[in-house]
Amino acid sequence: MNIFKRLFKIGEAEANSAIDKMEDPIKLTEQGIRDLKQDLEKNLEALAQVKALAIRAKNDQEEYLDKKEDYHNKAILILKKGQSGDMDKTESDRLAREALVKKEEAQKHVERSEEEAKKFNENVAQLERNIQTIKSNISNWENELRTLKARVKVSNATKSLNKQMAEIDSSSTVSMLERMKEKVAQEEALAEAYGDIAGASKSIDEELEKAASTTEAKAEDDLSKLKNQLGLNDDKK
């Protein structure tokens, strides 16, 4: 908690300056949580000590209450003995008076112990509130730390990406894209040219094949011979 106290004690401008200079907010937050846990341990130790004092004061109060009652009863018993003749009356009066003095002293101790117990109990209540506040702060900051770690991770990735994008020369990028576009157009034209060449070559081959083919001429001759055999020759008609 000390690190947060130091930050909050300085002026707003100085605090902002200090925060701006923080190179690692995660480490700073982790240190703050460790400080809070140390304060928690100190408050728990103080709570145990003050509770012990409160218990002791309460026990003292009860003890002096018993003594007060005992001195009161002794004073009565001594006076009765003096009255009954079992003890010299002057002596019984003296001892009864001493018993009443002790009773009054015990009463003062009762009041002092009661006041101390009240004060210690108030301290206990304050320490318990402090402990609950520190525990709540620790829980909140641990949650904040998890969120902060995620945010730092995302921001670092975003910063790295943006830095890379910022370092790219826009003119060189456009030039590169234009070259790629020209390259694609060239490849498309080349593919079309090869297609035309392939088509042209196929057409010439088909014409040559047709011109050199004897199949049709032979079929015509065979047809003529067959018609002669059957007497179906057009010339004879």
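Coordinate-derived values only; no laboratory data. These numbers were taken from a predicted model, which means no experiment stands behind them.
Multiplying the residue separation of residue 184 and residue 72 by 0.36 nm and subtracting their alpha-carbon distance yields 28.7 nm.
Taking 0.36 nm per residue of sequence separation and removing the Cα-Cα distance, the residue 224/residue 122 pair yields an extension gain of 23.0 nm. Kindly flag which residue pairs out of 68/118; 27/163; 37/163; 37/159 have an alpha-carbon separation exceeding 32 Å in this structure. Result: 37/163; 37/159 exceed 32 Å. The stretch between residue 133 and residue 158 holds 5.4 nm of extra length on full extension. This uses 0.36 nm per residue minus the Cα-Cα distance.
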